Amino acid sequence: MRKAAKDQDQTEIVEIDDLTGFLKAVEGFAGRSSIFRGLGDSREEHTTLKRSYENSSAKEHLDITRYERELFDNFKREAPLYISGRLPADCWQWLALGRHYGLPTRLLDWSKNPLVALHFAVAGSTGQNERRPTVYGVDLGPSHDTSGGVVDPNEHPDPLAFTGSFGRFVPEIAEARLGAQQSVFTLSRDPTLSMTKMLQTAMEEGAIEGFCIWRIPPEFARRVRRQLFRIGMSQLAVFPDLTGLCRTLTWTWEEYRGAE
């Protein structure tokens, strides 16, 4: 484990080259309420809403606020046809459901489990690419204060009108993968900010107590993924269904068998 050069926002990044180094790094979060997010590449620094808007021809006649609102309203209107169980109870759960199935939103996916975040960071690393896996860890405060920063839907019924620099909420565990991933969602009043800038702003406004960034150099990412697999952290662990099984079997036969 070693310090790397600072990023463009002058935030210190620590390089991790194996699982042991990562476990030592997250020991600093002991006794703290914390969440973690793994990124496979730099595009994931931004919300899916921002990425979708920038790739859309609609930006020629819609600003991002209206783009988000119309997209979300269309989803809520059309989605009930495809939902067999009960419908989401409020707009927060509607937004989480949309994010879960790929709707571009201002939400960012996090996990309470740092190993889940590390898995998502390195999961796409193969011998044919040069991804830059990165893990963010956010210190939310003492572990006994579990409600700090949690958004109350009764006070903020419309997530698209959220005015805080950093808010988090835990979605209903409507599917097994949400539970397996120990999912947490966060959002900001400005969905165009990069993650680093959002967290810096949240620190300045006292919404979080701190954050860390760890990066796994490409030459070590595949090794870290193999180490995670050996302790049971695989695609099947975070996607406990046929999709996860098939992804794990494919990776095992293509990348793991015969590896050092």
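General remarks:
- In segment 22-55, the residues that are aromatic (Phe, Trp, Tyr) and touching a strand residue (DSSP E or B) at 6+ places or on another chain (Cβ under 7 Å): Phe22, Phe29, Phe36
- Residues in segment 211-226 that are surrounded by fewer than 16 Cβ atoms within 10 Å (Cβ to Cβ) and in contact (Cβ under 8 Å) with a residue 40 or more places away in the chain were compared, and the one that is farthest from Glu254 (Cα to Cα) is Pro217.
- Once segment 125-153 is narrowed to residues that are of a type in the set (A, V, I, L, M) and at pLDDT 90 or above, the residue that is farthest from Glu205 (Cα to Cα) is Val135.
- Leu228 vs. criteria within 18 Å of Val26 (Cα to Cα) and either under 21 Å from the mean Cα position of the chain (by Cα) or not in a strand (DSSP E or B) (or both): yes
- In the set (1) within 17 Å of the chain's Cα centre (by Cα); (2) touching a residue at least 60 places away in the same chain (Cβ under 8 Å), the condition left unmet by Met198 is number (2).
- Test set (1) in contact with a strand residue (DSSP E or B) (Cβ under 6 Å, 6 or more places away or on another chain); (2) without any contact (Cβ under 8 Å) to a residue 24 or more places away in the chain - Leu62 fails condition number: (1)
- Matching residues, segment 170-209, being more than 20 Å from Leu115 (Cα to Cα) and assigned to a strand (DSSP E or B): Leu187
- Segment 75-112: number of residues that are among the acidic types (Asp, Glu) and over 17 Å from Glu172 (Cα atoms): 1
- Leading residue by the ranking (modelled with the lowest pLDDT) among those in segment 66-124 that are under 30 Å from Asp18 (Cβ atoms) and of a type in the set (A, V, I, L, M): Ala123
- Test: residue in segment 44-64 that is touching a Leu at 6+ places or on another chain (Cβ under 8 Å) and aromatic (Phe, Trp, Tyr): no
- Qualifying residues in segment 77-96 (those that are closer than 19 Å to Phe185 by Cα and out of contact with any Pro (no Cβ under 7 Å at 6 or more places or on another chain)) - the one surrounded by the fewest Cβ atoms within 10 Å (Cβ to Cβ): Ala89
The values are calculated or read from the model by the stated rules, or taken from the named source; none is laboratory data. Just so you know, these numbers come straight off a predicted model, no measurement behind them. Virtual Cβ from ideal backbone geometry, glycine too; neighbours counted across all protein chains shown.
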